[in-house]
Every structure is written in C-alpha cells, then in structure tokens.
Amino acid sequence: MNKHLLSINDVSAEDVVRVLDTAESFREVGTRVIKKVPALRGRTVVNLFYENSTRTRISFELAAKRLSADVINFSTSGSSVSKGESLKDTALTLQAMGADAIVIRHSSSGSPYTLTKWVKGSVLNAGDGTHEHPTQALLDLYTIREKLGRFEGLRAAIVGDVLHSRVARSLSFGLLKMGAEVTLVGPPTLIPPDASAWGVQVSYDIDGVLPKLDVCYMLRVQRERQRQQYFPSVREYSRLFGLTRDRVAMLPEGCLIMHPGPMNRGVEIDSDVADLPQAVIEEQVTNGIAVRMSLLYLMLGGAVTEEVSERD
Amino acid sequence: MMAPARLLDDGEIRRAVTRIAHEILERNKGADGLALVGIAARGDDLARRLASEITRIEGAKVPVGVLDITFYRDDIGMRAEAPEVHETRIGFDITGKTVVLVDDVLFTGRTIRAAMDALVDFGRPTSVALAVLVDRGHRELPIRADFVGKNVPTRKDESVRVALQEVDGEDAVYMDDRTG
C-alpha cells in the first residue's frame, strides 16, 4: 500500500484485492459481540472535514474506533478555521499533536495532496471538490464483488451528474482497473468533456443502456456544486434520467442498483426503487466501515515512517 | 544449507492427534460442553482432525471454529508492513464452553497470548486449554500447553515447520537450520 490514499490510482489492482480481502475479515469483526480489535492501539486518526458529511465522517470515526485508534473529529464550524486559520496552519497544529493519519474532506480539489507536503502521517482523501473519493469507490467495489463475485467483464453504468461527481471519477477508474466496462450516462451538460479519455463509453440515453447492465449506479444531483443551470428543471431531469419502476423493469435480473448517498428520493431515484431488494444502498454503508478499517489497518499497521514526502 | 530434518512423519502425526483426542476426552470426562478453536493457519486443520477423532471415539460432534490472531498481535507497528490477515469463523457461542485452543507449534507463547485476548471478545468460556502438535520451547510468556503431540528441544535460531495434507499436500514436521 502507498503511504497516502489521494486517488484510486494510488491503489494497484493487486492492492485493491488486498484491501477487499482484508475488509472481509473486518466484516466478520463487525458481527461479533465486541466489535473492536486492538490492532491500532496508540495510533491517532484525525477527521478533518471542511465540508458537511454524515456517513463518511461517521464511517471513518467508527472504523478508527473499532481498530482501537484514538479519533479526533475536527470540523470547520466551532474550530479555529472559523477564526480564519489556513489549511497549512491547521495541518501543522495537528502534526504537532502527533496525528498518525489525517482523513480530509475539502471542497477544493487537490487539497489532500497539498496536505501531504506538510504532515508526516498518512493522508486519506475523503472527498476533494470534484476530484476523487477513493474510499467510496473501494467500498462500492467491495459491494459489487460481494454480490456478483467478480469484476472482469461486468457492465456498469454511472448515471447522472458525472461532471460534479468525485464518486463517479474514482469508481470509473476503479472499475476499469479491475476489468469492468463503464458507461457514463447523463445529460450532455453533466458529462465531463474529457470523459472519452477516461476509457469509458458515454451515452445520453439511459433507456438504451439499462437492458445490458450488471450494475446501475445512480448519482446524486449535486445542486450545491452546480454554478449554472445544467438542465431545465428537476422534473425534466427526473423524467429523462431518474431510475423509476418502469426503468427498473428494463434491467436484467440480478442487476445491482447502487447509490453513494445521500439520496434525493424522487429525483435521481424513485422512493420505492431505493427500497427494492436489488438496491444495495444500505449494504454499501455497512461495507464502508469494513473497507475503511481495512485501509486504516493496511496503511497504519506497519512501522511508523517519519519522513515528510519530498515533492513540492 | 543442510536438508531439513524430519521430526515427525504422517503416521506419527496421526497417532499424536488420536492420543490428544483421547486425552482431551479423558480430561473433560467426555465431549459435553467441549469446543475446539484452531489458530489460523494449520491450527484450524488440526482442530478439524481432532474433532473428527473425538466423533469417532465418543460418537459426539464438537463445534470447531477458526481464529485469526493478527489484529491482536503485540508487534503491529514494529514490522515494515501490516501483517496479512486470515479468516476468523466461530459459528457458535463460546460462553460456558470448555474451549481447547489448537495450534501447530508452541514457541514463544505470544500467539497464544493474542489468541486468548481474541477469544474473550467472543464470549466467556468456562475454561480454556491449549493443544499443540509440537512444543519447541523458548517461551517468552508464562504459558504452557495442556496437550502436546511431541516435545522437541530446539535452538532458538532453528525453525520448526509443520506441513499438513490440507494445505501442503503432505503430513510432516520438519526442522530447518537457519544458520546452516
């Protein structure tokens, strides 16, 4: 494993398998009466969240606690950041307090990378702007492997607001790395102009894609990141790209329905579709804890290395 | 490098397993409340063999679990890489049971210390005993085995390796001279 996890491209296909296999053991730990192991006793993990988050922050917090690490949650409101402290000074403060790993979420793409230049510990990207969200991709890969047993030759569609989605980027690269085929589906305004260079296919017609899928991955419409009008109305978006009952009927049997959450029920996914048995959205959340335990264990379970990375 | 010396062959291993099964039953006065938990890797295969011997002798089935002790090791953070993790599967409640931990080789005792820590996270056994195929000495903790296949005097720098049909394709115990 690399020291830092900034992008899914920091993880080789071989290491993806290692992360998922190790996560399997942590799933078992999650079924015990005492869901805690002493593996990372004495290590300190800091959750540094510059953006709102429920599931990712809690998931990382639980993961670190179940490994017996000490956890510090640092969010921008109610901290020195609201007094104007810069990312660098916050990082140096955490460094001085002896953080072994910093889990960072930030609205600026690339901020986790910048952080690696200032701190000695490992940096885990928990979502940076519209760039990447590698731990989400790994928990999605775990869920897909658990349900379908393989990646090679699987056909996945990632549907919706791809342009603003760090999940879509990380998951596309992850699926391609493991030998699956990926089609991005959405209105042309929400498909990144460079998508063809990713090695994926692009379609603007969801109904043409659905009948041959193994995985149908719906993205949240991220209105908080959209700085202009990308589609005429939510109603029209929902009619053209929402996963309705009628569209579910077009999916082959056994096709998984996934969503990274939080869901806009009735926009990208119909409320009753999200509750179907083939929708594995809650499993994704459960698996997230095990996958993050696996990552923290593999990244922090080795000997402590003291050097700050030299790149500038 | 000298060829590894064979300490036990397949017949000797089979007879040792049979004897240990008898000793466990004698000590426990039958198979009631008994459970076997093997330490991965190879301890779990030995535990399954002991269980089928116990069934053959006593006609009773005893539950068998497999325990991986990686997360409980005392040297995490001292090795370059995080140690590899194996499967843990204990599909029964150990509370109130007489649990026999099973491992292939007893050496420093650190694995058994970790196994006992791991075990109590699953419940509260009435008692915990230890069965090993080979005891090679050099304990670093106050731990001893209740059931031993063979005591082998060794130097600390030698290594004892157990091969089992299930994973290695043969039954044998070898001693390799690391300095040789």
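Every number here is computed from the coordinates shown, using simple stated rules; none is lab data. Bear in mind that the values here come from a model prediction, so they are computed numbers and not experimental data. Neighbour counts are summed over all protein chains in view; Cβ atoms, including those assigned to glycine, are modelled from backbone coordinates with ideal geometry.
Across the options B:His86, A:Pro211, A:Asn47, the greatest Cα extent toward the positive end of the charge dipole of the protein assembly as shown (unit charges at beta carbon of Lys, Arg, Asp, Glu) belongs to A:Asn47. Considering helices alone, the calculated mean residue ellipticity of chain A at 222 nm is -10500 deg cm²/dmol, with DSSP H runs of length four and up weighted by -39500 (n - 2.57) and normalised per residue. Net charge dipole, the protein assembly as shown: roughly 1000 debye, given to the nearest 20, about the Cα centre with Cβ charges of +1 for Lys and Arg and -1 for Asp and Glu. Taking 0.36 nm per residue of separation and subtracting the Cα-Cα distance, full extension of the segment from A:Ser12 to A:Lys147 would add 46.4 nm. By the helix-only formula, in which each DSSP H run with n ≥ 4 contributes -39500 (n - 2.57) and the sum is divided by residues, chain B has a 222 nm mean residue ellipticity of -8500 deg cm²/dmol. Counting only Cβ charges, +1 for Lys and Arg and -1 for Asp and Glu, the dipole size of chain B around its Cα centre is about 520 debye. Counted residue by residue at 0.36 nm each, then reduced by the alpha carbon distance between them, the extension gain from A:Glu253 to A:Val234 reaches 3.9 nm.
Here's the picture: charge each Lys and Arg Cβ at +1 and each Asp and Glu Cβ at -1 in the protein assembly as shown, and of B:Met175, B:Pro4, A:Ser68 the one pushed furthest to the positive end of that dipole is A:Ser68. The distance separating the Cα centre of region A:148-164 from that of region A:78-97 comes to 38 Å.
Structure note, pairs A:Lys36/A:Lys120; A:Lys3/A:Lys83; A:Lys36/B:Lys29; A:Lys83/A:Lys117; A:Lys35/A:Lys147; A:Lys147/A:Lys212: Cα-Cα distances above 25 angstrom occur for A:Lys36/A:Lys120; A:Lys3/A:Lys83; A:Lys36/B:Lys29. Annotation: the residues A:Phe26, B:Phe92, sorted from fewest to most other C-beta atoms within 10 Å of their own C-beta, follow the order B:Phe92, A:Phe26. Largest first, the extents of the alpha carbon coordinates of the protein assembly as shown on the three principal axes equal 80, 54, 46 Å.
Label positions at A:Arg265 and A:Gln201, each projected 7 Å from the Cα along the C-beta direction, are separated by 3.3 nm.
In chain A, the longest principal axis of the Cα atoms and the axis of helix A:87-96 are about 50 degrees apart. Seen against the Cα atoms of chain A and their longest principal axis, helix A:281-300 is set at about 30 degrees. Round to the nearest 10 and give me the degree value, 0 to 90, for the angle of helix A:134-148's Cα axis relative to the longest principal axis of chain A. It is inclined by approximately 50 degrees. For region A:169-215, what D do you get in µm² per second when you plug the Kirkwood radius from alpha-carbon pairs into Stokes-Einstein at 10 °C and 1.306 mPa s? The estimated diffusion coefficient comes to 141 µm²/s.
Projected label points at B:Asp93 and B:Asp117, each 7 Å from Cα along the beta carbon direction, are separated by 2.7 nanometres.
Under 1.5 on a/c is rounded, so check that first for region A:134-285, then, if it is not, pick prolate when a/b is larger than b/c and oblate when it is not; a ≥ b ≥ c are the square roots of the alpha carbon gyration tensor eigenvalues. Mind showing how you got there, number by number?
Details: a/c = 1.45, a/b = 1.17, b/c = 1.24.
Rounded, since a/c falls under 1.5.
Each Lys and Arg Cβ is given +1 and each Asp and Glu Cβ -1; about its Cα centre, region A:122-253 then shows a dipole of about 220 debye. Could you tell me which residue out of A:Leu141, A:Val273, A:Ser233 lies farthest along the dipole of region A:134-285 toward its positive end? Charges go on the beta carbon: Lys and Arg +1, Asp and Glu -1, centred on the Cα centre. Positive-most Cα among the choices belongs to A:Ser233.
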